[in-house]
Amino acid sequence: MTVRQIFMIFALMSLLLIAAISLFWPPVGWFLVVLLPILLLGFIDCFQKKQTIRRLYPVVGRFRYMLESVRPEIQQYFVESETDG
């Protein structure tokens, strides 16, 4: 079972669970405010064609590209020594 399939199952099950619980306890519906954007990003990642990592690892694969953008600052402050720069 791939991470992509696990994400799809999690997305469907979490939406069904929230819908069922919100029938008995309506404030749980507010959890969708947090969950829907994350699921939307995951579905976009699953069906895009440019970046394989995002397609295979929805939502989590986005962190790689975020960390790539911060890499120069991390190297500058934590990896380089005083004589390298």
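The values are calculated or read from the model by the stated rules, or taken from the named source; none is laboratory data. On a predicted model such as this, the values are computed, not experimentally measured, just so you know. When we count neighbours, we look across all protein chains shown, and the Cβ atoms used for this are built from the backbone with ideal geometry, even at glycine. In case anyone asks, the SASA skips ligands and DNA or RNA and just uses the protein heavy atoms, side chains included. Shrake-Rupley method; radii C 1.70, N 1.55, O 1.52, S 1.80 Å.
Considering only the range 50-68, I want to know if a residue exists there that is part of a loop (DSSP other than H, G, I, E, B), at positive phi and surrounded by 10 or more Cβ atoms within 10 Å (Cβ to Cβ).
Yes: one or more hits.
Go through the range 1-14 residue by residue and tally those that are open to solvent by less than 50 Å² (accessible area, probe 1.4 Å) and either modelled with pLDDT under 90 or not aromatic (Phe, Trp, Tyr) (or both). Let's see the steps before the verdict.
Narrowing the range 1-14 to residues open to solvent by less than 50 Å² (accessible area, probe 1.4 Å): 7, 11, 14.
Those still in the list that are either modelled with pLDDT under 90 or not aromatic (Phe, Trp, Tyr) (or both) too: 11, 14.
Qualifying residue count for the region: 2.
If you go through the range 26-49, how many residues are open to solvent by less than 70 Å² (accessible area, probe 1.4 Å) and of a type in the set (D, E, K, R)?
1
Kindly evaluate Leu17 against the criterion of being aliphatic (A, V, I, L, M), surrounded by 13 or more Cβ atoms within 10 Å (Cβ to Cβ), free of Cβ contacts under 8 Å to residues at least 40 places away in the same chain and out of contact with any Gly (no Cβ under 7 Å at 6 or more places or on another chain).
no
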